[in-house]
Amino acid sequence: MRFLPELFENNRRWAERMRKTDPEFFERLSASQRPKYLWIGCSDSRVPANQIVGLPPGKMFVHRNVANLCVHSDMNFLSVLHYAVEDLRVEHVIVCGHYGCGGVRAAMGDGSQGLVDNWLHYVRDTRSRHAEELERLADGDARCDRLCELNVIEQVGNLAHTSVVQRAWAEERALTVHGWIYNLKDGLLRDLGVSVGAVEDVDGAYRIRL
Ligand code: CO
C-alpha cells in the first residue's frame, strides 16, 4: 500500500478486535442501522462524536460542520435531518458545541479567514444579537466561551423551527432536541438545559401548520 499504511494497519487491527469481542458485529450492522440519536457537532478533530459518548458504530447518526451550525438553507444539514427523523426515526437530536471553537473564535474577531467567513456569518449574527451580554463579560476568553454556548442554543432553535422536526411533533412522535457543550480541557459534556420536545416551546412566528 503506497499511501498512509499506518491508517490501514490501524483499521485492520480495529476490525479484528471488533470481531473478536463480537463475531457477528459486522454482519449484523451491515444488515441495518437503528440509531436513536442524531449528533450535530463541530468538525474539530478534538470532538469525535461517538468516542466522547462511548457509542459504538450503529448507535448514532452524525453530521459535523464548522461551528456545528444548523442553517435552514443548507441542503446537506436538511437532508441528514430529514433522513434521521423520517427514516431512521431517531428520538433525540443533539447539537453539541465545544469551548475554544475556532469557528466561534473567528466570529468574535475582526480578521478574515477567507471563504469560511461566509459560513461564520451565522455565528456573527448570534454575536450581534447578544452583544450586550457578551460585552459585560470580563475578557475575550469568557466572551468566546459564552458565544460557544449561545451558538448552540441558537442552533437548537433553528432545529425546532424546521418542518422536519415540527412534522414529527405534529404526528406525536417522541423527538427531543438538545443543546450540549463539550469541554476540551477535561473531556466532559454539559447539558445547556435548552431541550425542546413540543411545538408549544416554539415561538409563534416559527410554528408551521402541518
Ligand atoms: Co469548533
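Every number here is computed from the coordinates shown, using simple stated rules; none is lab data. In this text, all values refer to a predicted model and were calculated from it rather than measured experimentally. When we count neighbours, we look across all protein chains shown, and the Cβ atoms used for this are built from the backbone with ideal geometry, even at glycine.
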(message) Can you give me the long-range amide H partners of Gly41? Hydrogens built in the peptide plane at 1.01 Å from N, cutoff under 5 Å, separation of 5 or more residues or another chain.
(response) His63, Arg64, Asn65, Cys96
(request) Work out from phi, with θ = phi - 60° and the Karplus expression 6.51 cos²θ - 1.76 cosθ + 1.60, the ³J(HN,Hα) of each residue of region 146-162, listed in order in whole Hz, and give x for Gly and Pro. (result) 5, 5, 4, 5, 4, 4, 4, 4, 4, 5, 4, x, 4, 5, 5, 8, 6
(request) Report the paramagnetic label zone for Glu171: residues of region 61-87 whose backbone N is under 14 Å from a point 7 Å from Cα along the Cα-to-Cβ axis. (result) 82-87
(message) Can you give me the long-range amide H partners of Leu184? Hydrogens built in the peptide plane at 1.01 Å from N, cutoff under 5 Å, separation of 5 or more residues or another chain.
(response) Tyr99
(message) I'd like the distance separating the alpha-carbon centroids of region 3-46 and region 108-131, in whole Å.
(response) 35 Å
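Pop the C-beta distance of Glu24 and Asp191 into the FRET formula with R0 = 35 Å and round what comes out to the nearest 0.05.
Details: r = 34 Å, r/R0 = 0.98.
For Glu24 and Asp191, the calculated efficiency is 0.55.
Under the rule of -39500 (n - 2.57) per DSSP H run of 4 or more residues, summed and divided by the residues of the chain, what mean residue ellipticity at 222 nm is obtained, to the nearest 500 deg cm²/dmol? Can you show the working numbers first?
On the way: 9 runs with 92 residues, N = 210.
It lands at -13000 deg cm²/dmol.
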(request) Note the angle between two axes, namely the Cα long axis of helix 5-21 and the longest principal axis of the Cα atoms of the chain, as a number of degrees from 0 to 90, rounded to the nearest 10. (result) 70 degrees
(message) Show me, for region 125-130, the HN-Hα J-couplings you get by feeding each phi into the Karplus relation (A = 6.51, B = -1.76, C = 1.60, θ = phi - 60°), rounded to Hz, glycine and proline as x.
(response) 4, 5, 4, 5, 5, 10
(message) Given the options Val123, Phe61, Leu184, identify the residue whose Cα lies farthest towards the positive end of the charge dipole of the chain (+1 on Cβ of Lys, Arg; -1 on Cβ of Asp, Glu).
(response) Phe61
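What does DSSP give for the chain in terms of the percent of beta bridges that are antiparallel, rounded to the nearest 5?
Percent antiparallel among DSSP bridges in the chain is about 20.
Exposure proxy check: Asp87, Asp74 ranked by fewest other beta carbons within 10 Å?
Values: Asp87 10, Asp74 17.
In order of increasing Cβ crowding within 10 Å: Asp87, Asp74.
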(request) Mind giving me the nanometre distance, one decimal, between the label points for Glu16 and Ala198, set 7 Å out from Cα along Cα→Cβ? (result) 5.4 nm
(request) Please list the non-local residues whose amide H lies under 5 Å from the amide H of Arg173, H modeled 1.01 Å from N, same-chain partners needing a gap of 5 or more. (result) none
(message) Among Cys148, Ala49, Leu134, which residue has its Cα furthest toward the positive end of the charge dipole of the chain, with +1 on Lys/Arg Cβ and -1 on Asp/Glu Cβ?
(response) Ala49
(message) Just to check I understand the Karplus step: with θ = phi - 60° and J = 6.51 cos²θ - 1.76 cosθ + 1.60, what whole-Hz values come out for region 192-201, glycine and proline as x?
(response) 7, x, 10, 4, 10, x, 7, 5, 4, 7
(message) Under a Cβ-only charge scheme (Lys and Arg +1, Asp and Glu -1), can you give me the dipole magnitude of the chain about the Cα centre, in debye to the nearest 20?
(response) 680 debye
(message) Compute, for region 94-165, the length of the dipole vector about the Cα centre, with Cβ point charges of +1 (Lys, Arg) and -1 (Asp, Glu) only. Units Debye, rounded to 20.
(response) 140 debye
